[in-house]
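Q: Provided herewith is a single structure, encoded as structure tokens, for subsequent inquiry.
The values are calculated or read from the model by the stated rules, or taken from the named source; none is laboratory data. Because the structure is a prediction, the values reported are computed rather than measured. Using ideal geometry, Cβ is built from the backbone for each residue, glycine included, and neighbour counts are taken over all protein chains shown. With ligands, DNA and RNA removed, areas are computed over all heavy atoms of the protein, side chains included. Shrake-Rupley method; radii C 1.70, N 1.55, O 1.52, S 1.80 Å.
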Amino acid sequence: MSEARANILARLRAAPQVQPPERPYWQAPSFNDRLDRFRMMIEAVHGEVHVVTEQTWRPHLRKILAEKNVARVLAAPHLGIDWDDVVAYDAPVEDFKDQLVSGIDACVTTTRGAIAETGSLVVVPDVDEPRLASLLPPIHVALLKADDIADNLAQIIEAQGWAAAMPTNLLLISGPSKTADIEQTLAYGVHGPKELIVLVLQ
Amino acid sequence: MAADFSTRAHDALNNPQLRANFRRAMDGLMTKRAAQFEDKDNWTALRAKGAAIKARALAQLPDLLEEFEQKAIANGITVHWAETTADANRIVLEILTAHGAKKVIKGKSMVSEEMHLNAHLEAHGIKAVESDLGEYIIQLAGEAPSHIVMPCIHKNKGEIAQLFTDNIENQPYTEDVDALTAAARQVLRREFASADAGLSGANFLVAETGSLVLIENEGNGRLSTTLPPLHIAVAGIEKLVEKLDDVAPLLALLPRSATGQAITTYVNMITSPRKSGEQDGPRQVHLVLLDNGRSRVYADEQLRDTLRCIRCGACMNHCPVYSRVGGHTYGSVYPGPIGKILTPQLAGLDCAGDLPHASTLCNACVEVCPVQIPIADILVRLRTEAAEPSASPAVKGAGSGHSAVESAVWKGWQAMYANPAAYKVGTKALSVVGNLIPAAAPLLKQWTSVRTKPKFAAKTLHQLAREKGYDNE
Amino acid sequence: MPAHVTPPAEMPKDVYYFGTCLVDLFFPDAGLAGMELLKRQGIRVVFPQDQSCCGQPAFNSGHRSEAREVARAQLDAFPEDWPIVVPSGSCAGMMRVHYPDLFQGDRDEERAKAFAGRVYELSWFLVHVLGLDTKLVDKGEKVTVTWHGSCHSMREMGVVDEPKRLIRALSNVTLVENPREKECCGFGGTFAVRQPEVSAAMVADKIDAIGQTGAARVVSGDCGCLMNIGGALDKAGKPTRPQHLAEFLLERCHGR
Ligand code: SF4
């Protein structure tokens with residue numbers, strides 16, 4: 001291995017050893033009504049929440065897409081979306097880039113759960129729903145099962161056993177893309193979606 | 001850039017626009033942070049945990065670095081080690097050259113600023129484009145960041161509108177923030193789509209899983225680390241945490257301390273490059289671990305605490321000096337209180353010896369630091385190392401602030417103040433003739449520029465206590 | 001982290017008073033007022049004539065050994081196991097928080113630690129040990145004041161509300177809080193002469209904020225801040241007068 005590596009590690013090992021301190025107690029918050037908290041938090045950062053059911057979400061989605069004048073939607077085929085112009089992200093990004101960057105109005109993705117405390121969606125990209133699906137189109141619609149909302153991050157890391165099997169990419173998404181770099185004034189959609197719509201399936 | 005802190009401070013203080021920009025921005029940030037931590041007991045417990053997590057990781061740093069490396073390699077990430085910024089620049093350049101890369105799109109990274117990477121790449125014919133809106137703006141202006149979280153906080157709408165009009169084709173002058181943001185989005189989308197590589201920093205490196213954790217609001221970090229075929233991350237060796245669930249309390253501290261947000265829009269955990277069957281993600285991920293003096297600082301138990309920093313910027317947001325003079329006055333990549341302790345340690349007291357003195361030791365930074373870095377104690381320690389060096393190998397440029405005159409003054413002070421008899425004679429004399437010292441005398445001259453001369457009382461408290469019959473035991 | 005200060009186990013009969021070097025030369029009346037307040041609560045106040053300075057100026061300038069020798073002279077001057085009351089949060093902070101570190105590995109380490117544990121900021125002592133906030137009887141005219149908390153009293157000694165409790169106990173006094181009360185006034189010891197322009201900008205903002213409260217007086221518990229703020233008010237021709245808390249309380253309750 002490199003000389004730099006050996007030198008750095010040698011210097012660190014030569015330094016005085018101290019006993020690693022224990023982690024003191026701190027309990028992350030929990031909530032009586034997790035959906036309520038999730039909704040409040042994500043709405044506060046410009047996210048939209050619609051509570052739907054397994055039966056109603058497809059027509060509801062259709063209504064939303066129509067209202068927002070969406071033409072082309074990116075979604076995995078297995079979702080069975082009811083829309084005329086649906087494309088699947090089924091080619092390597094190199095071949096799909098142009099379409100992705102400017103040819104799609106909205107995407108629909110699943111989630112692996114959510115965090116009530118901070119109003120965050122847990123999104124794990126995979127073969128059907130690649131990493132950029134939730135990022136490049138101007139509208140991101142996320143499907144979330146109400147039962148999958150955890151109280152806080154620590155809880156969901158533990159409950160879903162993340163540490164044992166980290167996916168290539170795991171994302172927490174809390175609202176649409178935003179910036180406050182110009183005079184602390186909030187502006188949405190600087191690089192990613194301008195709108196984030198969560199369909200909560202109850 | 002002017003020679004030292006005082007000269008630059010002079011310029012900044014005489015720029016009313018700049019002062020107003022900073023004052024307004026810092027006031028807003030302090031209010032937002034305070035709203036996040038209204039429950040004092042919870043804040044106290046949470047920051048104790050944050051501090052312990054970082055201290056714990058530092059205590060095991062060499063082991064964790066090795067564990068991380070092993071896991072990251074197993075995940076398909078290539079790990080590089082750099083002792084100096086020159087080494088790191090060389091490594092990044094080599095990777096880019098090997099891929100024939102001509103354009104790099106960058107997510108926000110303070111370590112890349114520490115390396116002055118953009119200049120190095122430009123010199124070798126590679127274009128580096130900043131994609132964080134704030135970084136993009138200052139890149140257009142040809143400036144350095146003035147804040148570690150909000151790099152263009154010193155600029156107002158008008159200045160930014162003008163920059164855009166001057167630099168972006170067909171961009172009409174507008175101060176509308178949404179329109180300015182949309183213009184940047186358009187320009188940068190093209191840059192993303194045509195970049196050969198993406199470069200980012202990392203907020204945490206998780207030893208347990210070999211993951212990189214990056215946080216951001218804009219999505220440019222996700223784009224930089226996902227869209228181009230090659231992703232290079234640069235990070236200081238102090239970014240390690242032991243367990244994945246250590247990230248949770250740190251995430252509960254960092255954005256809330258930084259900008260008063262409950263969480264950033266994106267938390268991006270990267271564990272490996274694109275796997276076969278996946279449609280996107282970089283085909284290669286490289287991580288450059290930068291030392292640049294950190295392992296030297298690590299040799300000292302007190303100074304080591306500096307390495308706990310999670311770069312939230314709260315210390316500068318609350319600093320009464322920073323909010324008056326702005327980030328550029330520090331002449332250092334890291335401004336504000338953290339810059340005052342970090343820069344002289346990384347670069348050496350011989351290079352940045354004025355920074356530890358640019359503080360009133362008011363402790364406002366210490367009060368808000370989410371990982372309890374004893375910034376004021378470290379400032380005093382560095383002043384001491386400059387004037388009266390200990391033998392600590394952790395300090396570069398120790399003794400460089402030594403002045404024979406100053407030492408003689410303090411020796412004289414000691415002779416009077418450590419000797420009760422001399423003290424009584426001296427103070428009595430001062431109460432008789434002290435007021436005759438002219439306002440233009442050295443030291444008093446600076447003092448009286450905006451204040452009247454302090455008046456020596458006719459009798460000292462020692463005299464009054466005796467006269468009033470207070471017991472002397 | 002501010003020091004964790006707890007009252008002495010028993011109500012003390014005797015206390016030491018550490019006047020501080022700045023008070024000694026420039027604000028002796030404030031120093032004396034603090035002693036009077038303690039005395040009027042039936043406590044014997046001892047003022048060791050061998051005291052001088054806590055050592056902070058040298059300590060903060062990086063001249064540790066000089067600071068230590070001056071500090072040692074204080075260890076010598078305050079030998080009994082009595083509380084040491086200090087009319088300055090900054091000097092109290094130096095002695096309570098930094099002495100143990102300053103004497104680490106020194107022959108006087110134990111003595112310094114014991115000394116540090118006996119140090120109290122005056123207003124804290126008046127409230128938590130003597131309960132003065134429930135005993136004050138205001139005899140003064142109506143007046144409006146504002147409070148300036150010193151950085152070290154708040155952030156090293158944990159003294160935040162105590163002085164305001166005392167002021168609020170005065171029936172004819174209106175306390176108008178300055179929204180920037182907790183911001184440093186820019187004194188910082190040698191900072192004021194090493195970075196005179198930054199210091200000047202800070203104190204200018206401070207007196208503006210004080211002016212906006214409309215208070216006739218700005219009361220503080222630290223003479224460093226008072227010297228800085230008062231000097232700036234004076235130079236700018238502002239009507240607000242600076243006063244040390246001890247002097248203010250004594251004047252209100254017992255006359256001059
Ligand atoms: S020193 Fe503390 S407050 Fe300052 S940036 Fe680092 S973590 Fe944040």
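Q: Given the options B:Arg256, B:Arg308, name the one that is outside the structural domain of B:Ala128 (by TED's automatic domain parsing), modelled with pLDDT of 95 or more and either under 25 Å from A:Leu12 (Cβ atoms) or within 16 Å of the ligand (Cβ to nearest atom) (or both).
A: B:Arg308
Q: Have a look at A:Arg11, A:Arg5 and point out the one that is touching a strand residue (DSSP E or B) at 6+ places or on another chain (Cβ under 7 Å), of a type in the set (D, E, K, R) and at the interface with another protein chain (Cβ under 8 Å from one of its Cβ atoms).
A: On inspection, the qualifying residue turns out to be A:Arg5.
Q: Select from the range B:1-30 the residues that are assigned to a helix (DSSP H, G or I), within 11 Å of chain C (Cβ to nearest Cβ) and of a type in the set (S, T, N, Q) and list them in ascending order.
A: B:Ser6, B:Thr7
Q: What are the pairs with Cβ atoms under 6 angstrom where one residue, in the range B:348-366, is over 30 Å from C:Val159 (Cα atoms) and at the interface with chain C (Cβ under 7 Å from one of its Cβ atoms) and the other, located anywhere, is open to solvent by 30 Å² or more (accessible area, probe 1.4 Å) and part of a helix (DSSP H, G or I)? Sequence gap at least six, or different chains.
A: Matching pairs, first to second residue: none at all.
Q: Restricting the search to the range B:424-457, which residues are facing chain C (nearest Cβ under 8 Å), closer than 18 Å to C:Leu233 by Cβ and not in a helix (DSSP H, G or I)?
A: B:Thr448, B:Ser449, B:Val450, B:Arg451, B:Thr452, B:Lys453, B:Pro454, B:Lys455
Q: Sticking with this one: Since B:Ala182 meets every condition but one in (1) within 28 Å of A:Gln99 (Cβ to Cβ); (2) open to solvent by less than 10 Å² (accessible area, probe 1.4 Å); (3) facing another protein chain (nearest Cβ under 9 Å); (4) part of a helix (DSSP H, G or I), which condition does it not meet?
A: Condition not satisfied by B:Ala182: (2).
Q: Say whether the condition of being among the β-branched types (Val, Ile, Thr), open to solvent by less than 10 Å² (accessible area, probe 1.4 Å) and within 30 Å of C:Val129 (Cα to Cα) is met by at least one residue in the range C:229-246.
A: Taking every residue of the range C:229-246 in turn, at least one turns out to be among the β-branched types (Val, Ile, Thr), open to solvent by less than 10 Å² (accessible area, probe 1.4 Å) and within 30 Å of C:Val129 (Cα to Cα).
Q: Sticking with this structure for a sec: Looking only at residues in the range C:46-59 that are at the interface with another protein chain (Cβ under 9 Å from one of its Cβ atoms) and in contact (Cβ under 8 Å) with a residue 40 or more places away in the chain, which one is farthest from B:Ser359 (Cα to Cα)?
A: C:Gly55
Q: Residues that are away from the ligand (no atom under 14 Å from the Cβ) and at positive phi: does the range B:340-361 have at least one?
A: yes
Q: Report, by residue number, each residue of the range A:12-28 that is in contact with a helix residue (DSSP H, G or I) (Cβ under 8 Å, 6 or more places away or on another chain) and open to solvent by less than 90 Å² (accessible area, probe 1.4 Å).
A: Those that are in contact with a helix residue (DSSP H, G or I) (Cβ under 8 Å, 6 or more places away or on another chain) and open to solvent by less than 90 Å² (accessible area, probe 1.4 Å): A:Leu12, A:Ala15, A:Val18, A:Pro20, A:Pro21, A:Arg23, A:Pro24, A:Trp26, A:Ala28.
Q: Also, quick follow-up: Could you figure out which of (1) within 14 Å of chain B (Cβ to nearest Cβ); (2) at positive phi isn't true of C:Arg194?
A: Exception for C:Arg194: condition (2).
Q: So, in the range C:60-70, how many residues would count as being within 20 Å of the chain's Cα centre (by Cα) and more than 7 Å from every other protein chain (Cβ to nearest Cβ)?
A: The number of residues fulfilling the criteria is 1.
Q: Something else now. Suppose the filter is in contact (Cβ under 8 Å) with a residue 40 or more places away in the chain, surrounded by fewer than 23 Cβ atoms within 10 Å (Cβ to Cβ) and not in a helix (DSSP H, G or I); does B:Ala262 pass it?
A: Judged against the criteria, B:Ala262 is a match.
Q: Taking strands (runs of 3 or more DSSP E) that fall entirely within the range A:123-202, which contain at least 3 residues that are open to solvent by 10 Å² or more (accessible area, probe 1.4 Å)?
A: Passing ranges, in order: A:139-145.
Q: Go through (1) within 8 Å of another protein chain (Cβ to nearest Cβ); (2) surrounded by 17 or more Cβ atoms within 10 Å (Cβ to Cβ); (3) out of contact with any Phe, Trp or Tyr (no Cβ under 6 Å at 6 or more places or on another chain) and name the single condition B:Lys49 misses.
A: (3) is the only condition that B:Lys49 fails.
Q: Applying the selection to the range C:29-73, what residues are among the acidic types (Asp, Glu) and surrounded by 23 or more Cβ atoms within 10 Å (Cβ to Cβ)?
A: C:Glu66 - this is the single residue of the range C:29-73 that is among the acidic types (Asp, Glu) and surrounded by 23 or more Cβ atoms within 10 Å (Cβ to Cβ).
Q: From B:Ala193, B:Ala207, B:Ala248, which residue is surrounded by 24 or more Cβ atoms within 10 Å (Cβ to Cβ) and either more than 7 Å from chain A (Cβ to nearest Cβ) or over 19 Å from A:Arg5 (Cα atoms) (or both)?
A: Result: B:Ala207 is the single residue among B:Ala193, B:Ala207, B:Ala248 that is surrounded by 24 or more Cβ atoms within 10 Å (Cβ to Cβ) and either more than 7 Å from chain A (Cβ to nearest Cβ) or over 19 Å from A:Arg5 (Cα atoms) (or both).
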